[in-house]
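**Q** Structure in structure tokens, see below.
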């Protein structure tokens, strides 16, 4: 950028650009553009909104799934249905958090300025991902292999114990921020934030995909019902 053009731009961003060093000027401009992107719903802000929205959906579905555990025998079809329905939203959540992590460690200025998660959340991240993959992967394997898959049942139970523990801490670490972020794309009669329609469409697509998979998975519950009773 030519000095004259940079000066004109700086005059709209900085009150006294002449008092700053070139490095400080560049940093101020980066922060300015990052803030503008966040106001438009792009970059880290858009990522956070999508992550929070799909997180709310997951919390609601997990609560329903937990109810089915009260009486797993008669509620087994519902347990399988909700469990499979959860898979696409879970994959979307993993994708949004994974994308943010990759952009941050790849050196993206916007994501660097937004900062990393709290230390505890970063430490729990691998355990959340591994236990989630283990829980849902073993659940799908149980449906595919049938009641003879004893080792898969053990893996499913062990994954659930780890998953419920680390996920509870994960949710508590973000619970204060989730409502505001999740509602950001839905406030007012006509949300205008750039990307809001795409984010809502992504969540809706995950739910529709989950519904299709869940209906298809119900046929595999019969062998397990015969065992569980």
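The values are calculated or read from the model by the stated rules, or taken from the named source; none is laboratory data. These numbers were taken from a predicted model, which means no experiment stands behind them. Glycine gets a Cβ as well: all are built from the backbone with ideal geometry, and neighbour counts include every protein chain shown.
**Q** So the check is Cβ under 7 Å with 6+ separation or different chains; which pairs have a first residue in the range 105-127 that's assigned by TED's automatic domain parsing to the domain that holds residue 173 and closer than 14 Å to residue 174 by Cβ and a second one that's surrounded by fewer than 16 Cβ atoms within 10 Å (Cβ to Cβ) and modelled with pLDDT under 85?
**A** Correct list of pairs: 122/116.
**Q** Condition test on residue 195, is it touching a residue at least 12 places away in the same chain (Cβ under 8 Å), surrounded by 11 or more Cβ atoms within 10 Å (Cβ to Cβ) and either on the phi > 0 side of the Ramachandran plot or not assigned by TED's automatic domain parsing to the domain that holds residue 48 (or both)?
**A** Taking the combined requirement at face value, the residue satisfies it.
**Q** Scan (1) more than 30 Å from residue 221 (Cβ to Cβ); (2) under 17 Å from the mean Cα position of the chain (by Cα); (3) surrounded by fewer than 16 Cβ atoms within 10 Å (Cβ to Cβ) for the single condition residue 119 breaks and write down its number.
**A** Among (1) more than 30 Å from residue 221 (Cβ to Cβ); (2) under 17 Å from the mean Cα position of the chain (by Cα); (3) surrounded by fewer than 16 Cβ atoms within 10 Å (Cβ to Cβ), residue 119 violates only (2).
**Q** Could you list, ordered by first residue, the pairs with Cβ atoms under 9 Å in which the first is in the range 143-154 and under 13 Å from residue 219 (Cα atoms) and the second is modelled with pLDDT of 90 or more and not in a helix (DSSP H, G or I), at least 6 apart or interchain?
**A** Listed pairs, sorted by first residue: 143/221.
**Q** Report, by residue number, each residue of the range 137-181 that is part of a loop (DSSP other than H, G, I, E, B) and within 18 Å of the chain's Cα centre (by Cα).
**A** Result: 175, 176, 177.
For every residue, the table says whether it meets (1) in contact with a helix residue (DSSP H, G or I) (Cβ under 9 Å, 6 or more places away or on another chain); (2) more than 19 Å from residue 56 (Cβ to Cβ); (3) modelled with pLDDT of 85 or more.
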| site | (1), (2), (3) |
| --- | --- |
| 194 | yes, yes, no |
| 197 | no, no, yes |
| 209 | yes, no, yes |
| 217 | yes, yes, yes |
| 227 | no, yes, no |
